[in-house]
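The values are calculated or read from the model by the stated rules, or taken from the named source; none is laboratory data. Because the structure is predicted, anything quoted here is derived from the model rather than measured. So basically every Cβ, Gly included, is an ideal-geometry build from the backbone, and we count neighbours across all protein chains shown. All accessible areas refer to the heavy atoms of the entire protein, side chains included, with ligands and DNA or RNA removed. Shrake-Rupley method; radii C 1.70, N 1.55, O 1.52, S 1.80 Å.
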Amino acid sequence: SGESGAGKTESTKLLLQHIMNLCKGNSQLEQQILQVNPLLEAFGNAQTVMNDNSSRFGKYIQLRFQENTVQGAKLSEYLLEKSRVVQQDTGERNFHIFYYMFAGLSSEQKEMYGLLDPSFYRYISGRFGTQEVAERWKHKYQEVCNALDMVGFQEQEQVDMQAILAGVLSLGNVTFEPEESNGCLKVSEASQGWLKAAAVKVDVLSQLVCGVPCSPVKPFSELQLFLCADARDSIAKVAYGRVFGWIVCKINELLAENVSPEVELREIGILDIFGFENFAVNRFEQLCINLANEQLQHFFNHHIFQLEQAAYKEEGLPWETITFNNNEPILNLLLAKPLGLLSLLDEQSAFPQATDKTFVDKLNSSFKGNLHFQPARGRVLGFSIIHYAGKVQYAAEGFLEKNRDTLPANIRGLFINSVTPLLIHLPIHHEPRPTLARVKCGHEARVKLLQDEKTHSLMVLMERMYSANPHFVRCIKPNSQKEPGVLDNQVVLLQLRYNGLLETIRIRRDGFSWRPSFEEFAER
């Protein structure tokens, strides 16, 4: 764990290499486990203002052993930031793979996929930079292709995958306008070419956009225009999510252990999850990321302070209690039912008339006087939460829409009936659980509720954590400028304080470093 840019992903790769080196077992399998990283990073990582290679998903790697030899591995992924496909803030980029494709594909291949200069695409932000950067991306693209071959993707599957990515980019340029005859919305004349480009290789994208999300509601309104654009973006996010989910499935097929079910396997799990984030503008995604970090910090506190000190008291040892910064009140603020922040967000998301402003008003009235909540000043639509790692101000715009994660039911049907094999067979990435309710938004049944699924995903993850014997690797970010060889004392000290590492040092110094069982002691 650690802040965004503190080195979690790099540490995970080093730890994997170290474990593989110790095993000296199935060398081919060990190499495959190490070689899937470029693939995951290309499709799951992106440049942010805090980190040039930021993981925009969480991954849990389970290494399975028989007599100290790796027999297999399984990858679980959590909370892919699909919204990045359709929107990036200033100084940020889309997922790496899009830039690698532009740098690595030949002119003939670009023509085959209908790709033009990257500056034409609304979903692509950030300049392409120097020739040196382009060469590096070209090399990364080749790494991705090699990894796809190694994992077992057939040539046609790789073509389908890149066609979908190219189609997603073209889809982002589709706009809508009212028809003069009846005022209904249609795909604008100016963007008909983009729609055709999106549909050249991926049939479903054409069907999806041609009027499906835009039912004829008169008179034409800005809300209607917003719903059409929102449905278009939802299609792009689902398509990208399916590609990512497909890659993870193929990786797990490759790495699955080939042993008898009766054989007992032992396991080491490594969790590499996105770090705590505090940007100039913090949105719904940052709240979900920071909630995950709050839960991990609570897990750390539980093991290092609560269980440790309870064991000393149970043994009747003289012990002066070490106090620590307990973040349970913050988790209650976020997760309590029925009046926690996420419960209130669910409640507001269920009302078609609710807006981001009514949601913020509800928070301000519900959490008045709460020490970990602050209303925004002036006319700013937002709020602040005092997290364990410091105060974060959230911009509330888009909270309700992102929580609903709207995908009209008829669009889901078109995915199922697609003639592009990839889009048929895979379950929709992060499909909401069957037990979740549905709500009516206007006249379309829309899927409810993204954060329900996110919190469920986190609950499953935390259950895994609590059932294991944990070891903590705390990654400390040396400076805020992304510079090598520079250690900023204040930046480091702040992290040591809010992570509880100063108290951890005290409990390690004053406590008992080796605690054998009576049986072990007697035998020794």
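A few notes on this one:
- At R0 = 25 Å, FRET efficiency that the Cβ-Cβ distance of residue 154 and residue 259 yields, to 0.05: 0.40
- Quarter the surface of the alpha carbon convex hull of the stretch 58-210 and you get the mean projected area, 12.5 square nanometres.
- Inter-probe distance in nm under a simple model that places probes 7 Å from Cα toward Cβ, at residue 68 and residue 480: 4.7 nm
- Pairwise label distance in nanometres, residue 347 with residue 146, each label 7 Å out on the Cα-Cβ vector: 5.6 nm
- Between helix 450-466 and the chain there is an angle of about 20 degrees, using the helix long axis and the longest principal axis of the Cα atoms.
- Contour excess over end-to-end distance, with Cα ends at residue 14 and residue 321 and 0.36 nm allotted per residue: 106.9 nm
- Point-to-point label distance, residue 278-residue 339, nm (Cα→Cβ direction, 7 Å offset): 2.8 nm
- In terms of the mean number of neighbouring beta-carbon atoms within 10 Å, the peptides 501-507, 316-322 order highest first as 501-507, 316-322.
- Long-range amide H partners of residue 336 with built H, under 5 Å: 341
- Violating pairs (Cα-Cα greater than 26 angstrom) within the set 237/337; 362/391; 74/482; 59/140; 82/357; 82/140: 237/337; 74/482
- Estimated at the nearest 10 Å², the accessible area of residue 496 is 50 Å² with a 1.4 Å probe.
- Solvent-accessible area per residue in the stretch 123-177 equals 47 Å², computed with a 1.4 angstrom probe and all protein chains kept.
- The dipole here belongs to the chain: it is taken about the Cα centre, uses +1 on the Cβ of Lys and Arg and -1 on the Cβ of Asp and Glu, and is about 980 debye.
- Computed from the C-beta positions of residue 225 and residue 112, the FRET efficiency with R₀ = 25 Å rounds to 0.15.
- For the stretch 1-104, the C-alpha radius of gyration sits at 1.21 times the compact-globule guess of 2.2 N^0.38 Å, with N the residue count.
- Once the chain from residue 523 to residue 311 is taken as fully extended at 0.36 nm per residue, the excess over their C-alpha distance is 74.1 nm.
- Angle in degrees between helix 284-301 and the longest Cα principal axis of the chain, rounded to the nearest 10: 10 degrees
- Estimated at 0.36 nm per residue, the fully extended path between residue 467 and residue 512 surpasses their Cα-Cα distance by 13.9 nm.
- Take the Cα of residue 370, go 7 Å toward its beta carbon, and the backbone nitrogen atoms of the stretch 295-339 under 12 Å from that spot belong to 329-339.
- Dimensions of the chain based on its C-alpha atoms, expressed as ranges along the principal axes with the largest first, amount to 89, 59, 49 Å.
- In the chain, taking the dipole from charged Cβ atoms about the Cα centre, the farthest positive-side position among 47, 468, 261 is held by 47.
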